[in-house]
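What follows is a set of notes on a single structure, which appears directly below.
Read the figures in this text as sums done on the coordinates, not as results from a lab. Note that the structure is predicted; figures quoted are calculated from it, not measured. In this analysis, Cβ positions are derived from the backbone assuming ideal geometry, glycine residues included, and neighbour counts consider all displayed protein chains.
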Amino acid sequence: MPKPIRLSAFLLYLFLFPVISLAGPHQAAIASAHPLATAAGFEILEQGGNAFDAAIAVSATLAVVEPSGSGLGGGGFWLLKRAKDGKEIIVDGREKAPLAAHEDMYLDAQGNPITQLSLDGARAAGIPGLPAALAHLAKKYGRLPLLKSLGPAIRHSESGFEVGDSYLTAVKAREKALQAYPASAEIFLDQNATPKPGFRLVQKDLAATLRRLGGSGHAGFYRGETAAKLVDAVLKADGIWTREDLEKYKIVERRPMLGEYRGIRIVSTPPPSSGGVVLLEALNILAAYDLESVDTITRKHLIIEALRRAYRDRDLYMGDPDFIKNPVNRLTSQDYAAGLRVAIRTDRTLPSENLSDAASPALQGDNTSHFSIIDRQGNQVAATLSINQSFGSAFVAEGTGVLLNDEMDDFAVSPGKPNSYGLVGGNANKIEPGKRMLSSMTPTFLQTKDRIAILGTPGGSRIISMVLLAVLDFAEGHGPQSWVSIGRFHHQYLPDVVEYEPGAFGAEAIRGLEKLGHKLKATAKPYGDMQAILWDKANGSLEAASDPRGEGLAIPILAKKPVL
Ligand code: DON
């Protein structure tokens with residue numbers, strides 16, 4: 001290369017370097033669903049790690065301290081933004097159906113779903129993706145060795161920690177399922193019953209499994225001792241995993257879904273999560289209305305009508321992009337949204353049965369876990385992790401400490417019939433060997449000239465409507481404390497019901513919405529556990545907020561040591 005070019009490249013580097021290094025917020029912020037997980041993230045930042053190392057520490061610590069929500073036996077989506085080159089990417093660590101899986105594996109002789117089979121026990125478990133994702137993050141994006149970033153999780157699993165009320169409530173709700181599996185009961189229960197307050201949860205086998213993952217990376221989980229123990233335990237319990245399933249598991253790096261709503265750039269999950277597509281489709285429908293000026297009942301009505309249509313397309317068209325073609329461009333185009341708006345009236349609702357004739361009941365879990373991170377350089381992570389229902393399949397593979405997911409229930413187990421979230425999937429999301437089940441997880445970045453937001457939440461099918469409400473709140477200029485606190489409501493096309501948190505609708509809103517033809521149903525309890533960060537570049541402030549409904553901890557603090 002001729003010298004002048006090298007020199008100009010060097011000068012360009014000198015010119016860019018301060019811009020890049022000054023581009024971060026000079027502080028770090030982490031919001032996660034558990035104080036120990038947030039602390040683990042900061043511990044790793046202080047040891048010289050970046051946001052991606054901290055994401056490993058938070059993910060692994062959540063597996064230990066919030067075992068009902070996520071873990072090594074599950075999967076998730078990590079949305080990353082790398083400050084030095086602006087690269088935005090999704091690490092898809094979603095579980096996959098085992099190679100021996102087949103379409104009617106959860107059906108009885110008459111073709112009806114045997115619900116319990118896709119929810120409890122080893123047969124309900126997809127091949128985990130979380131360990132592979134952590135190994136990938138360390139190798140490709142982190143600065144620290146994987147074992148070091150797993151340090152806090154290893155420590156908490158080995159020495160134990162005192163569980164909080166959320167743990168006790170979650171165990172109580174799944175006590176029966178946990179009692180059915182001795183290796184699970186041994187770890188999570190106390191003398192085969194829900195523990196009393198003050199219980200220390202010690203997970204020695206999990207610590208050893210984490211050490212093997214940290215020591216050997218991907219192969220430390222998907223091959224060797226851990227893999228052998230996982231497959232043995234699953235087969236003994238009537239499951240269908242093979243060593244080949246584990247050996248073949250790979251994360252996929254995917255380009256995020258990109259969209260725009262009223263000048264806000266939105267970055268979110270692509271299939272196999274429906275999150276980004278449904279979010280963008282609903283926002284596109286809403287973009288033509290002036291939601292800030294209309295009265296509050298009309299505002300709610302329009303949001304419900306947009307959700308009804310966007311969730312309908314989830315049911316009809318979406319599945320694993322490695323198996324089927326998702327019409328994402330069409331679903332997220334402005335023309336498509338304009339077409340859908342034509343049939344939206346402000347004086348009454350259009351029932352879902354007029355869009356289709358199926359109907360279904362809905363249940364809802366409140367597990368899974370989200371965290372958000374920004375480091376001093378401006379590296380960003382929004383990650384939503386899951387083992388599906390509370391405590392997943394409730395099955396721990398003996399000798400590993402790994403609690404397996406029941407994510408197979410996220411497939412359309414019987415196309416046309418509802419799953420545990422009342423979602424009705426079609427053939428696009430039918431079970432096929434090696435396929436990823438459709439998700440609703442929606443880790444999201446929002447960006448305007450001055451404001452950067454990092455957010456997401458658990459909540460099954462309601463995840464997407466929660467993120468939508470937060471985006472609208474962001475658009476109206478509010479901050480993270482408001483996004484995580486606002487009263488929530490939801491519509492998912494089927495069942496044709498508007499669910500709302502107790503207290504989210506006043507008497508007038510209830511009357512007004514019923515008059516428009518909506519069927520309303522208050523949820524039994526508040527839902528969601530949103531974790532959010534806002535970096536305001538204009539005034540240099542960094543805010544973080546944890547959902548008041550959960551026990552999470554959000555802190556924006558100055559990193560103690562400079563991270564070079
Ligand atoms: O991937 C999904 O969409 C679900 N497995 C997420 C489950 C969830 O958020 C549970 N909490 N309610």
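Assuming a ≥ b ≥ c are the square roots of the Cα gyration tensor eigenvalues, decide whether the stretch 384-505 counts as rounded (a/c under 1.5), prolate (otherwise, with a/b larger than b/c) or oblate.
Because a/c hits 1.5 or more and a/b exceeds b/c, the stretch 384-505 counts as prolate.
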Restricting to lysines and to Cα separations under 24 Å from Lys229, and discarding same-chain partners fewer than 8 apart, the set is Lys96, Lys204, Lys248, Lys250, Lys435
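Hey, what did the stretch 436-486 get for relative contact order, percent, Cα under 8 Å, at least 6 apart?
Relative contact order for the stretch 436-486 comes out at 26 percent.
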Arg223 and Gln116 label points (each 7 Å along its Cα→Cβ direction) are spaced in nm at 4.0 nm
Heads up, the stretch 188-289 by the C-alpha gyration tensor (a ≥ b ≥ c square roots of eigenvalues; a/c under 1.5 rounded, else a/b over b/c prolate, else oblate) looks prolate
By the Cα gyration tensor axes a ≥ b ≥ c (a/c under 1.5 gives rounded; else a/b larger than b/c gives prolate, otherwise oblate), the shape of the stretch 46-85 is oblate
So, with points 7 Å from each Cα along the Cβ direction, the Arg255-Lys84 label distance in nm works out to 2.4 nm
By the mean-Cβ-within-10 Å protection proxy, highest first, 122-135, 445-458 rank as 122-135, 445-458
So Arg348 and Phe323, fully extended at 0.36 nm per residue minus their Cα-Cα distance, gain in nm 5.1 nm
Per-residue Cβ contact counts at 10 Å, fewest first, order Ser216, Ser273, Ser482 as Ser482, Ser216, Ser273
The stretch 206-346: spread of alpha-carbon positions along the three principal axes, whole Å, largest first, is 61, 28, 27
Expressed as a whole-number percentage, the relative contact order of the stretch 274-334 with C-alpha contacts under 8 angstrom and at least six residues apart is 50 percent
With the 8 Å Cα cutoff and a minimum separation of six or more residues, the chain has a relative contact order in percent of 23 percent
Only helices counted: for the chain, with every DSSP H run of 4 or more residues adding -39500 (n - 2.57) and the sum spread over all residues, [θ] at 222 nm is -11000 deg cm²/dmol
PRE zone check, label point 7 Å out along Cα-to-Cβ of Asp295, amide N under 14 Å, scope the stretch 320-356, hits 346-348
At q = 0.06 1/Å the base-10 log of I(q)/I(0) from the Debye formula over the alpha-carbon atoms of the chain is -0.27
Note on the chain, DSSP bridge orientation, antiparallel percent to nearest 5 equals 95 percent
Given 240-247, 369-376, 46-53, 307-314, the highest-first ranking by average Cβ count within 10 Å works out to 369-376, 307-314, 46-53, 240-247
A chain fully extended from Lys236 to Arg211 at 0.36 nm per residue, minus the present Cα-Cα distance, gains in nm 6.5 nm
GluC sites (Glu not before Pro) in the stretch 267-341 lying in a DSSP loop, each with at most 14 other Cβ atoms within 10 Å of its Cβ, come to Glu292
Rounded to whole angstrom, the alpha-carbon centroid of the stretch 253-272 lies from that of the stretch 50-121 at a distance of 20 Å
For Lys525, the lysines lying under 22 Å Cα to Cα, once residues fewer than eight places off in the same chain are dropped, come out as Lys172, Lys176, Lys300
Compactness summary of the stretch 302-449: radius of gyration and Dmax from Cα atoms, Å, are 18.2, 60
Reduced to Cα centres, the span from the stretch 166-243 to the stretch 454-531 in Å works out to 34 Å
